[in-house]
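What follows draws every value from the coordinates through simple rules; no lab data is involved. Note that the coordinates shown come from a computational prediction; the quantities given were computed from them, not determined experimentally. All Cβ positions, even for glycine, are placed from backbone atoms using ideal geometry, and neighbour counts span all protein chains on display.
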Amino acid sequence: MTGPITGSWCPVDSRPAAGQLPRRDGAVRPAVVPAVVPAPISGTLFRSVMGSVPTSVAVVAGMTAGGEPVGLAIGTLTSVSLDPPLIAFCPGATSTSWPKIRATGRFCVSVLAGDQQDVCAVFASKRPDKFAGLSWSVAGNGAPRLDDVVAWLECDLEAEHAAGDHSIAIGRVTRLGSGTGEVPLVFLGGRYVGVA
Ligand SMILES: Cc1cc2nc3c(=O)[nH]c(=O)nc-3n(C[C@H](O)[C@H](O)[C@H](O)COP(=O)(O)O)c2cc1C
């Protein structure tokens, strides 16, 4: 539409009734009422769609002031910045380990290998003794580092931003390393898949 709307565009004798819209030729047609009302996106749908996005699986762990190793499994690890070196992940509001790790201001991220599904299951649980029986050591920043992982990153907590029922925790990487070619553990479609 470039010109002004005039009476000839909408003649009096074909003026649209309620629920009808005018056309340029003066005829009328039924109104097209937008029928798409945005529905709330269910958790099931959100999980199902986002489940098609493969993620790595890692354990974020810290050492409390009382010397208790604590950690949780995460599938939200991402690199953020090269200079300075920053990574991020998203701890949930229901995590009991994250508040303890946050309080220390530092943590170690251990990226799990394809044969560490059982380790993931432990850290995805609410067990109080998650490190019992596992092979791990104390990293340079004092946080627990799991053995036989694909990669590890020691971090200082740089910032944390609220994000719905999770938050976005940003870690400044102070030391890091990778394994010797282990296959990473990948989570896709609600299942673990191996990546060669
Ligand atoms: C593959 C996988 C990925 C997960 N990713 C996250 C995540 O990114 N953030 C999170 O808060 N919980 C995540 N979880 C769930 C936590 O590991 C789980 O809630 C755990 O019980 C938290 O332990 P906590 O209460 O000791 O912190 C994930 C679990 C699995 C199995």
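Which of L72, L185, L157, L82 comes first, and how do the rest follow, when ranked by fewest Cβ neighbours within 10 Å?
Ordered by Cβ neighbours within 10 Å, fewest first: L82, L157, L72, L185.
Whole Å is fine, so just give me how far the alpha carbon centre of the stretch 137-162 lies from that of the stretch 55-103.
When both Cα centres are located, 8 Å separates them.
Computed on alpha carbon atoms, what radius of gyration and Dmax characterise the stretch 55-188, expressed in Å?
Calculated on Cα positions, Rg and Dmax stand at 13.4, 38 Å.
How far apart, in nm, are the 7 Å Cα→Cβ label points at A39 and Y192?
3.5 nm
For a footprinting-style exposure proxy, rank V60, V53, V149 by other Cβ within 10 Å, fewest first.
V53, V149, V60
Just to confirm the filter: which trypsin sites (Lys or Arg not before Pro) across the stretch 103-196 are DSSP coil and have at most 16 other Cβ within 10 angstrom of their Cβ?
In loop regions of the stretch 103-196 (DSSP not H, G, I, E or B), the sparsely surrounded trypsin sites (Lys or Arg not before Pro) are K126.
For the residues H161, H166, what sequence is obtained by ranking on other C-beta atoms within 10 Å, fewest first?
The order, fewest Cβ neighbours first, is H161, H166.
Using a cut-off of under 16 Å, list every residue of the stretch 120-145 whose amide N is near the label point 7 Å from the Cα of D156 along the Cα-to-beta-carbon line.
It comes to 140-143, nothing else.
What's the FRET efficiency of S125 with V80 using the Cβ-Cβ distance as r and R₀ = 25 Å, to the nearest 0.05?
My answer for the efficiency is 0.35.
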